[in-house]
1. Specify whether the C-alpha gyration tensor of region 40-99 places it in the rounded, prolate or oblate class, a ≥ b ≥ c being the square roots of the eigenvalues: rounded for a/c under 1.5, otherwise prolate if a/b is larger than b/c and oblate if not.
2. Regarding region 65-166, what whole-number volume in Å³ per residue does the convex hull of its Cα atoms give?
3. Distances longer than 18 Å among the Cα atoms of region 93-150: what percent of all pairs is that?
4. Find out how many positive minus negative residues lie around Asn50, taking Lys and Arg as positive, Asp and Glu as negative, among other residues whose Cβ is under 15 Å from that of Asn50.
5. Please compute the per residue accessible area over region 113-166 with all protein chains in place, 1.4 Å probe, rounded to a whole number of Å².
6. Can you tally the net charge around Cys117? Count Lys and Arg as +1, Asp and Glu as -1, for every other residue whose Cβ sits under 14 Å from the Cβ of Cys117.
7. When we measure straight from the Cα of Lys111, which lysines land under 25 angstrom away, once same-chain ones fewer than 8 places off are left out?
Amino acid sequence: MMAAKKPHILTWIGVMSGMIFATACLSSAQPAAGPMGGWEKGGTYDRFYNAQELDKFKGTVTKIQEVTPLKGMSPGVALMVKEKDGDNVLVHLGPRWFIDPQTMGIRVGDKVKVTGCWADINDQEVFIASKVKKGDHFEFKVRLTKDGTPFWTMSPEELAKKRAGD
């Protein structure tokens, strides 16, 4: 009788191990910060943007890089911009799932004017952009200037309207 119980126990152990493994895989596949990966309007990161404290600066793009502003957020896109006085400024643009560095129209070496606000995030001073202007005719907009609403939180219709006329 003992031999008959062994296969049953081994099957049970195998099934349980498989269920634990599947649960671990599924839970690690979910974004830790919700469906927008921590980039939602009104979320912890978004609250660092203060539209009442808008600022602007000019410089040259020296690097386009991936950033994770806060632990648990999905990756974002940032620019390193060197100001005329030699200071380097890390400029957060937005989530990588919304911004494609290859098609955003900004390249290393471009002279830009960045509008947004300053924030201290994880003991680092960064600039959260609302728009990046290059030359007289190109603007890459990522937030509404008036209230800081992120473009990636808008409906496709709202986004098309804002990009066309804001």
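The values are calculated or read from the model by the stated rules, or taken from the named source; none is laboratory data. This one's a predicted model, so the numbers in the text were calculated from it and none came from an experiment. We place every Cβ from the backbone using ideal geometry, glycine too, and count neighbours over all the protein chains shown. The accessibility values were calculated without ligands, DNA or RNA, using every heavy atom of the protein model including side chains. Shrake-Rupley method; radii C 1.70, N 1.55, O 1.52, S 1.80 Å.
1. oblate
2. Normalising the Cα hull of region 65-166 by residue number yields 115 Å³.
3. Cα-Cα pairs of region 93-150 separated by over 18 Å account for 38 percent.
4. Its environment carries a net charge of -1.
5. Computed with neighbouring chains in place, this is 55 Å² per residue.
6. Local net charge: -1.
7. Lys56, Lys58, Lys63, Lys82, Lys84, Lys131, Lys133, Lys134, Lys141, Lys146, Lys162
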